[in-house]
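Student: Before anything else, here's the structure in question.
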Amino acid sequence: MNSIPTITLNNGVAMPQIGFGVFQVPNDETEQAVLAALAAGYRSIDTAAVYGNEEGVGRALAASGLPREELFITSKAWIADLGREETLAAYETSLAKLGLDYLDLYLIHWPAPATDAYLESWKALEELLAAGRVRAIGVSNFLPEHLEKIVALGGSIPAVNQVEIHPALQQHDIQAANAEHGIATEAWSPLAQGAGLNDSAVLDAAASHGRTPAQVVLRWHLQQGRISIPKSVTPARMAENLNILDFELTGAQMAGIDALERDGRTGPHPATFNG
Ligand SMILES: NC(=O)c1ccc[n+]([C@@H]2O[C@H](COP(=O)([O-])OP(=O)(O)OC[C@H]3O[C@@H](n4cnc5c(N)ncnc54)[C@H](OP(=O)(O)O)[C@@H]3O)[C@@H](O)[C@H]2O)c1
């Protein structure tokens, strides 16, 4: 297997460009799913406190026997845990559930902009980073206006902004703001939860390369420089989703997928979602 490329984050930490997401995997099925993903070659796992499966992830990491330094583990502070003290406590809870003594990446899950509490959470993440408790800190679902408020604090710039991106919702404004600030863009629901695999631009590219539609969409993310974290509980799909390193979409095929933008949001809108 070709090794998974990495992105160098703005503090020098290397993050795998393809990871494994565990949203909606029940806790008691997560150990088996993550073990299968690790066996398939994934080393980056994306979980969150609100997914309720950090314990299952932790059991898999322990059972895998893989050295901790080969793994890249992300979790996220939920909206109920916004605020300095709350976020510091949430970090300890996540670590305990995962059975780890540090995370590679800790994210603020949503800005929940009805209050500015995410700014206090950001200061908490900076404290964790300064204390060497976490290797990188970032945000999720942040719009450019929320990024500007973080930048205006004058401290650390987020290493990552994890947002919904797939062919039907490309969020060019967020990607541009991320790039302007040196923030890596990470795509959640990179496959639109499986819904975006029937467009003719995707099907035609898949046919021309002898690949599956999911491989074409994940290759499109990769060629545009994003991190993506496809989820699957199906071992054959886990392997399929990693097996995208040995073909290249043409400029015309990339443009054809770019043209599928249709404001096809599947999740909540960050401007109005407050939990
Ligand atoms: N920060 C946030 O607010 C946020 C929000 C949502 C998600 N996320 C993260 O992003 C990760 C990925 O997003 P997601 O889970 O929403 O959706 P996704 O990865 O876009 O799609 C997952 C769905 O696609 C199916 N699938 C996977 N590989 C496939 C393939 N090769 N061919 C056909 N179907 C395939 C899966 O089915 P099976 O599992 O049945 O194989 C599952 O139903 C999450 O797990 C989570 O870690 C973050």
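The values are calculated or read from the model by the stated rules, or taken from the named source; none is laboratory data. All of these numbers come straight from a predicted model, not from anything done at the bench. Cβ: placed from backbone, ideal geometry, glycine included. Neighbour counts: every protein chain shown. Each accessible area value is taken on the protein alone, full model and side chains, heavy atoms only, with ligands, DNA and RNA left out. Shrake-Rupley method; radii C 1.70, N 1.55, O 1.52, S 1.80 Å.
Student: So, in the range 97-149, of the ones that are small (Gly, Ala, Ser) and open to solvent by 50 Å² or more (accessible area, probe 1.4 Å), which residue ends up farthest from residue 59 (Cα to Cα)?
Tutor: Going through the qualifying residues, I end up with 114.
Student: Another question, then. Filter the range 39-69 down to the residues that are under 15 Å from residue 18 (Cβ atoms) and either open to solvent by 10 Å² or more (accessible area, probe 1.4 Å) or without any contact (Cβ under 8 Å) to a residue 12 or more places away in the chain (or both) and list them by number.
Tutor: The answer is 40, 41, 43.
Student: State whether the residues of the range 26-48 include one that is away from the ligand (no atom under 16 Å from the Cβ) and modelled with pLDDT of 95 or more.
Tutor: No; the residues of the range 26-48 include none that is away from the ligand (no atom under 16 Å from the Cβ) and modelled with pLDDT of 95 or more.
Student: Of the numbered conditions (1) more than 16 Å from the ligand (Cβ to nearest atom); (2) in contact with a His (Cβ under 7 Å, 6 or more places away or on another chain), residue 130 fails exactly one; give the number of that condition.
Tutor: (2)
Student: Hey, another quick one. Determine if the range 134-147 includes at least one residue that is over 19 Å from the mean Cα position of the chain (by Cα) and farther than 20 Å from residue 79 by Cα.
Tutor: There is no residue in the range 134-147 that is over 19 Å from the mean Cα position of the chain (by Cα) and farther than 20 Å from residue 79 by Cα.
Student: Something else now. Could you run through the range 81-96 and say how many residues are closer than 21 Å to residue 60 by Cβ, buried (at least 16 other Cβ atoms within 10 Å of the Cβ) and of a type in the set (Gly, Ala, Ser)?
Tutor: Matching residues across the range 81-96 total 1.
Student: Of the residues in the range 214-248, how many are of a type outside the set (D, E, K, R), more than 29 Å from residue 143 (Cβ to Cβ) and away from the ligand (no atom under 14 Å from the Cβ)?
Tutor: Counting residues in the range 214-248 that are of a type outside the set (D, E, K, R), more than 29 Å from residue 143 (Cβ to Cβ) and away from the ligand (no atom under 14 Å from the Cβ) gives 2.
Student: Across the range 22-32, which residue is nearest to residue 90 (Cα to Cα) among those that are among the hydrophobic types (A, V, I, L, M, F, W, C) and open to solvent by less than 10 Å² (accessible area, probe 1.4 Å)?
Tutor: 22
Student: Then there's this: Quick one: which residue in 199, 204, 173, 116 is without any contact (Cβ under 8 Å) to a residue 40 or more places away in the chain, at negative phi and over 19 Å from the mean Cα position of the chain (by Cα)?
Tutor: Every option except 116 fails the conditions.
Student: Something else: Considering only the range 153-197, state which residues are polar (S, T, N, Q), open to solvent by 10 Å² or more (accessible area, probe 1.4 Å) and within 14 Å of the ligand (Cβ to nearest atom).
Tutor: 171, 185, 189, 193
Student: Restricting attention to the range 198-213, which residues are within 12 Å of the ligand (Cβ to nearest atom) and open to solvent by 10 Å² or more (accessible area, probe 1.4 Å)?
Tutor: 198, 211, 212, 213
Student: Would you tally the residues in the range 67-93 being away from the ligand (no atom under 14 Å from the Cβ) and within 18 Å of the chain's Cα centre (by Cα)?
Tutor: Of the residues in the range 67-93, 3 are away from the ligand (no atom under 14 Å from the Cβ) and within 18 Å of the chain's Cα centre (by Cα).
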